[in-house]
1. Let me spell it out: the conditions are (1) part of a loop (DSSP other than H, G, I, E, B); (2) buried (at least 19 other Cβ atoms within 10 Å of the Cβ); (3) modelled with pLDDT of 55 or more, and I494 meets all of them except one. Which number is the exception?
2. Kindly indicate which of N408, N453, N421 is closer than 19 Å to T312 by Cα and open to solvent by 70 Å² or more (accessible area, probe 1.4 Å).
3. Can you tell me which residues in segment 321-360 are without any contact (Cβ under 8 Å) to a residue 40 or more places away in the chain and in a loop (DSSP other than H, G, I, E, B)?
4. Answer yes or no as to whether T692 is within 23 Å of H578 (Cβ to Cβ), touching a His at 6+ places or on another chain (Cβ under 8 Å) and either surrounded by fewer than 17 Cβ atoms within 10 Å (Cβ to Cβ) or in contact (Cβ under 8 Å) with a residue 24 or more places away in the chain (or both).
5. Going by the structure shown, is R335 charged (D, E, K, R), at pLDDT 85 or above and open to solvent by 40 Å² or more (accessible area, probe 1.4 Å)?
6. Residues of segment 604-623 being open to solvent by less than 20 Å² (accessible area, probe 1.4 Å) and touching a Pro at 6+ places or on another chain (Cβ under 7 Å), which ones?
7. Have a look at I798, I787 and point out the one that is modelled with pLDDT of 85 or more, open to solvent by less than 40 Å² (accessible area, probe 1.4 Å) and within 21 Å of L759 (Cα to Cα).
Amino acid sequence: MGGRVDGSINHSKEPYVFRMCGQNYHRIESLLPEIGKRPQFAQLYIYDTENEINNRMNCLLEGDIDPEIVQGLSVMLEEHNILVKTFRMARDRYKEHHECEFRLRLLSNRTTDGRQYNLPTTSEVAGLIVGGLTEENFQRDIIVEHRKNGLQRISDLHPSFMSMTYPLIHPYGEDGYRVGINLGDVINKTYKRQKLTMRDFYCFRIQQRLNEGKTLLLAGRLLQQYNVDGYMAIEEERFRYIRNNQSKLRADLYSGLMDAILRGDSDCSLVGKTVILPSSHTGGPRYRAQNYQDAMAICRWARYPDLFLTFTCNPKWPEINEMLRLIEQSGDDNRVDIICRVFQIKLFQLMQDLKKQQPFGKIIACLYTIEFQKRGLPHAHILLFLHPTLKSPSIDHINTMITAEIPNMEVDPDDYKAVKNYMMHGPCGDLNPGCPCMKQGKCTKRFPKKFNNQKTFDADGFPIYRRRNTGTEVNKNNVFLDNRYVVPYNRNLIVKFDAHINVELCSYSRSVKYLFKYVNKGSDKATIGIERSDTPTVRDEIKRYLDCRCISATEACWRIFSFDIHHRQPAVERLPFHLQGENTIVFQEERCPESILNRPDIVKTKFTEWFEANKEYEDARELTYSNFPTRWVWDATCKRWTRRKKGKSVGRIYFAHPASGERFYMRMLLNFVKGSTYFESIRTINGVRYDTYKEACYALGLLEDDKEWNDCLAEAACWASGNELRNLFVTILIHCQVSDSSKLWRSNYEILSEDITSLQLKRFQLEDLKLNEKQLESYTLFEIETILLKIGKSLKDIHGMPLPDSTLMNDTGNRLINEELEYDKGFLKEVHDKSFALLNDYQNIAYEAVIKSVVNEEGRLFFYKWAWWYREDIFMEYNNFQAEIRIKNSSSSFYFWNSRFVITKWQDSTFTIPYSFGH
C-alpha cells in the first residue's frame, strides 16, 4: 500500500482510527530479491523458503510475535489459498531451474465468477512465462518480473487486487471486484445498466448477513483499512473515467465551433480543450462551490436562516450494540459501517421531527452537510429557515427553544444526564491547558462564557444566552463545571436522540454568509507549487484534489453506502445564460463539426427555451428568468419547460464577473425584464431596441453614478467572504470604468470591512479587541493595498481613494514578515514528521546541516542540486526544512533555486518581477 497513513491521530486513549491522505496505490516486488538483499512481500513464498518464518517475522516492525501463529497461518494459506499456490509454483520452478529466467503472469480474465464457492483453478489465475515477453495483449494482467529493482504497481481492476493485499480476509484467494460482473435480476427488477459497479460490489461486501461468513466483519482494524482501500479504489476508477474521456468530450461555444468551420478545421480534437475535475464529482471543490451558491440562493428566497444545529454521532447508541451482538461482537469500535448506517437513520428521523413535529415552529427551508471529525465520527451541520411570522421571536420564546444551563438533577434527571454526557465543553483553559480547543493559551471556542441573567445580543448581532449563576455543577474528568461551560441545546432533542445536538440562534447575525461558508467548506490545504520553466503549466485539478484529500474509515463507509453529504430543501434550479450563438456544446472528438451543427436540438438550451415558453404561454411572461422555476419545471430529456404540478424550486442565475463585458450587463437585465421572447427583446426598453446590453442598462437607469458596480458588490456581498469582496472591489477599480472611486469606496465601506475585526482578533490574539472607525477604515485600506501590490498597483495610483494611516499600520509590521509568521505549528509538525520519514541518506545529511545552521544561527548559505526528474523530492525537502525552521520559532527562511524549476511562492505576485528563466 503506497498511500500516506496518518498515525498522528492515534496517540491518545481513544479508539483506533485508520486515516489515509493523498492517493493510494498498491505495488508488488519482483519474484526474487536483488542480490544481497533479504526477501520481502511475495518473495517470501519463493526465495529462501527454508527460513520463511524467520524472514516473515524480520519484516515486521513490532516484536512479541508468536512463531507458531505465523507457522499456522502460513500452512493454512499454502493449503487453501489459490494465489499462494501460484507463487509456490514459481518456487518449484526456481528450485529446479534456478539459472533460467522466468516471469509470473497473474491473469485478469475469468471463465467463472471466482467467488469462494466457485474458486478458479490455478491455470485460470496464473501462468509462468519462460524467456522473453511476446506481443500478446496482456490487458490488465500483472506480470511479476524475475528479478528487478523497484516496485511494480497493481491495477485496482484486477480480480486478485484485494486478495493479494488482504490474504487473511480472503483466505481462499477468492476474487474481488472485476470488470464485467453481471447485475443480478432481483425480484424481476429491470435496470438500465447491465453490469455491477465497483461501488455496488464493495457496498455488498461490507453488509452484515447472518447466513454468510463474517471474516471481513471480524477483521478488527484491518476492516477499517479495507474500507478505506475499497473507497479509494472506487474514486480511482471515477478519476480514470474522467481522465480518459476528457480527450473525447469537448465543450466549446457554438460560435467557437462555427469559427472552426470557417477556418476550415475538421478535427474536433483541436477545439475547446480543457481538463478539470467537474462539479459532478461528489466532494470536489467545484461540487462544494456549487452547493454553497445553491445554499445562498435558498437564503435569498427564504431570507436569513434562523437556527444552526450541529448533530454529532454517538458511537454508544444501543442500536449499534444490538447489531454487533447479533454476531457476538459487542464493543468493537472498528465496525464503522454500523456507525454510519445508524447515524444516517437517526439523522433522517431528526429531520422528520424538525419538519413535522416542529419543535421550533414551521420550517419553510432546510439544508445540511455531513462532515467527519478528525477522530472519524460523522456529524451534520443543519440550517433551518422558519416561516416569516417566526423571524423575530421574543426573548421568552428563545429561552424555551434554546437553553445554556445545567438542569436540576432532582427535577429532570434525563435532561441532567444528557447535558452532563454530551453538552459540557472542556474542561479547558487553566483547568486543562492541553485540551484540543486550546491555542496559544486560550480557548478557540471562547469558553468559559460569562454569567448572564438574560439573553441579549452583542454589537455584531450574535446571541448571548442566559447563563445564570445557579450553583449547579457537573463533574467531568474530576473537574467541576458550571453554566459557563454549557453548549446551547434543546432539551427534547438531546433527550430523545441521546447525542450532542448544539442549537444556535443565527437570525440576527450580519455575517450569515460565513456560516454558509463553514457549512459547505472543503479540505484546507497549503502547498507550494514547483513548475518547470520550459513547459506550459498544466492545472491538474484531480491531482490537487488528491493531494489534500484525507479519508477515514468512517467517511469511506459513508461514501461507499452512497449516503448524501449534502441535502437542501427546496431544490435549486441552476439557470445558465449566454449571448446569442455562444451556448455551450458538448460533442465527441471524432465527429466532424458539420454533423454536430446539423443536430436539430443543437441551439436548444435552458435559456433559449425560456424564450419559447414566453412565446407560447401568456402567464409565463409574468416572471423573470430567476423566478421562472417557481412555476415551471425544466425537462432535460425533451429540452423544454413544462408547468409545475407539485413541489417547490428556487432559481439561481449563474454569476457573471464585471470583467466579462456584455455577459455582465445581460445578467443585470435578466433580474428585471419579464416575458422576453428573443435576445433582442432583452435589450428593448420602453419600445426602443438598443445595440448593446450596456446601453439598455443605461436606459433602464441601472448604470447611473456607478450603480452597476454598487449593485454588483451588493449582490456578491450576499455570498462572498470579505477577502473575496475586496478582490472584486480591486478588479472593479482596475479593470472597469468607475466614475467616482471615492464615492464607490464610501458606499461599500461597510461590506468591505465586515470581517476586519475578526482578522485582527486572530492576528493580535486579543479576545476583547475593539476597533474605532478610523482603525477599521485603515485596516480595510491596508488589506486592499496588499491586493493591489500583488498586481503591481497601489492606492496612490487611483484618484480619489484614501490611503491607510501609516502610523497605525506600523502595528502590523512588515507585510512579508506577517505572511511568513502566519502558520499553524501543529499542522507543520505533521508535515515535518511525514516528510522526514521519507528522506534518504543523502537528504538526511543535507537536512542535518541546514537545521544545525539555523539552530546555531550560523547564517550559512547552501547549494543543493537535483536532477530535474526529482522535482517531487524538491517539494518534499522544502516542506521539511520550512516546517522544522518554523516549529523552532526561527526567523530564518529557506528558499530553493533550481535552473529548471521555480517555486511559485516567489513569483511576480510578491516582488512584481517576471520569472522567465533559462536553463
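1. It fails just one condition, (1).
2. After ruling out the rest, the residue left standing is N421.
3. Hits for segment 321-360 are E328, S330, G331, Q358.
4. It is false that T692 is within 23 Å of H578 (Cβ to Cβ), touching a His at 6+ places or on another chain (Cβ under 8 Å) and either surrounded by fewer than 17 Cβ atoms within 10 Å (Cβ to Cβ) or in contact (Cβ under 8 Å) with a residue 24 or more places away in the chain (or both).
5. no
6. Listed by number, the list holds a single entry, F607.
7. Criteria check complete, one pass: I787.
One line per residue, one yes/no per condition, for (1) surrounded by fewer than 20 Cβ atoms within 10 Å (Cβ to Cβ); (2) of a type in the set (D, E, K, R):
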{"site": "I298", "(1), (2)": "no, no"}
{"site": "K316", "(1), (2)": "yes, yes"}
{"site": "N321", "(1), (2)": "yes, no"}
{"site": "G331", "(1), (2)": "yes, no"}
{"site": "F348", "(1), (2)": "yes, no"}
{"site": "I363", "(1), (2)": "no, no"}
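The values are calculated or read from the model by the stated rules, or taken from the named source; none is laboratory data. Since we're looking at a predicted model, the values are computed, not measured. Here the Cβ is made from the backbone with ideal geometry for all residues, glycine too, and neighbour counts use every protein chain on show. These accessible areas exclude ligands, DNA and RNA; they are computed on the full protein's heavy atoms, side chains included. Shrake-Rupley method; radii C 1.70, N 1.55, O 1.52, S 1.80 Å.
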